[in-house]
Amino acid sequence: MTTLLQIQSSLFSTDGQSSQLSNAFVSAWQRNQPDSQIKVRDLALSPLPHLDAERVTAFLAPEESRTAMQQQLVKLSDNLINELKQSDILVIGVPMYNFGIPSTLKAYFDHIARAGVTFRYTEHGPEGLLAGKKAYIFATRGGQYAGTALDTQTAYVRDFLSFLGITDVEFIYAEGLNMSADVKEKALVEAKVKLAALAA
């Protein structure tokens, strides 16, 4: 049985265009593979705390010497990592806010990047420990940025996932959504055609 972990990062939750596209993909996937298991984490409905010194110190402390408070802080990260480890496919809806990813998604990334848990440093450099997974990224933008210097999202998300060992990453773009009604409609139609083919 294939397990999909769907991460929604739109501030508008299921009303966001990135959420709607990733929902369409997951629905199509379920129709084609009805035995799949779907897990959804909506970062607008259940936002994660951003990193602070106390939380990072807890992550770095040896397990046997953590205080009760540190254990509680690490438990949230452990739960997120276990959820990801148990998934075969990662589906992320990523709107562009001020040329970057939503801060809620950055907080999620910060909680799942743990040395010795999801990656490790070796004499040959860092090694991701989450190999063998596939990721689909539904990137929505008000303007048109793919392939330009202003698209900071694609390289960042690809590099971050690769750092954890997830190197099979597919981007599906819907751009120009704030430019005109015609451009928006064309972009969404094209994205839906592509996602349907990927889910087949």
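Within the range 10-23, identify whether any single residue is out of contact with any Cys (no Cβ under 8 Å at 6 or more places or on another chain), free of Cβ contacts under 8 Å to residues at least 24 places away in the same chain, charged (D, E, K, R) and outside any loop (DSSP other than H, G, I, E, B), and answer yes or no.
For the range 10-23, residues out of contact with any Cys (no Cβ under 8 Å at 6 or more places or on another chain), free of Cβ contacts under 8 Å to residues at least 24 places away in the same chain, charged (D, E, K, R) and outside any loop (DSSP other than H, G, I, E, B): present.
Can we say LEU76 is under 30 Å from VAL183 (Cα atoms) and of a type outside the set (S, T, N, Q)?
It is false that LEU76 is under 30 Å from VAL183 (Cα atoms) and of a type outside the set (S, T, N, Q).
Could you list, in sequence order, the residues of the range 154-173 that are in contact with a Leu (Cβ under 7 Å, 6 or more places away or on another chain) and loosely packed, with under 15 Cβ neighbours inside 10 Å?
Matches in the range 154-173: GLU170 only.
What residue, among those in the range 73-113 that are touching a helix residue (DSSP H, G or I) at 6+ places or on another chain (Cβ under 8 Å) and farther than 19 Å from GLN8 by Cβ, is surrounded by the fewest Cβ atoms within 10 Å (Cβ to Cβ)?
That would be PHE99.
Does ILE166 count as under 18 Å from TYR97 (Cα atoms), under 16 Å from the mean Cα position of the chain (by Cα) and aliphatic (A, V, I, L, M)?
no
For the range 114-153, how many residues are in a strand (DSSP E or B), among the hydrophobic types (A, V, I, L, M, F, W, C) and either exposed (fewer than 13 other Cβ atoms within 10 Å of the Cβ) or in contact with a Gly (Cβ under 7 Å, 6 or more places away or on another chain) (or both)?
3
Restrict the check to the range 55-66 and report whether at least one residue is modelled with pLDDT of 95 or more, outside any helix (DSSP H, G or I), hydrophobic (A, V, I, L, M, F, W, C) and surrounded by 18 or more Cβ atoms within 10 Å (Cβ to Cβ).
no
Looking at the structure I just gave you, is LYS39 charged (D, E, K, R) and touching a strand residue (DSSP E or B) at 6+ places or on another chain (Cβ under 6 Å)?
Taking the combined requirement at face value, the residue satisfies it.
Can you tell me which residues in the range 14-33 are surrounded by 15 or more Cβ atoms within 10 Å (Cβ to Cβ), touching a Ser or Thr at 6+ places or on another chain (Cβ under 8 Å) and over 17 Å from GLU175 (Cβ atoms)?
Residues satisfying the conditions are ASN23, TRP29, GLN30.
Among the numbered criteria (1) at pLDDT 95 or above; (2) hydrophobic (A, V, I, L, M, F, W, C); (3) assigned to a loop (DSSP other than H, G, I, E, B), which single criterion is violated by LEU4?
Every condition holds for LEU4 apart from (3).
Which residues, taken from the range 39-54, are part of a strand (DSSP E or B) and either modelled with pLDDT under 95 or not β-branched (Val, Ile, Thr) (or both)?
Of everything in the range 39-54, those that are part of a strand (DSSP E or B) and either modelled with pLDDT under 95 or not β-branched (Val, Ile, Thr) (or both) turn out to be LYS39, ARG41, ASP42.
If you take the residues in the range 67-91 that are closer than 16 Å to GLY165 by Cβ and assigned to a strand (DSSP E or B), which one is farthest from the chain's Cα centre (by Cα)?
The qualifying residue farthest from the chain's Cα centre (by Cα) is ILE89.
Kindly list the number of the only condition in (1) at pLDDT 95 or above; (2) out of contact with any helix residue (DSSP H, G or I) (no Cβ under 9 Å at 6 or more places or on another chain) that fails for LEU164.
Every condition holds for LEU164 apart from (2).
The values are calculated or read from the model by the stated rules, or taken from the named source; none is laboratory data. Because the structure is predicted, anything quoted here is derived from the model rather than measured. Backbone-built Cβ (ideal geometry, glycine too); neighbour counts: all protein chains shown.
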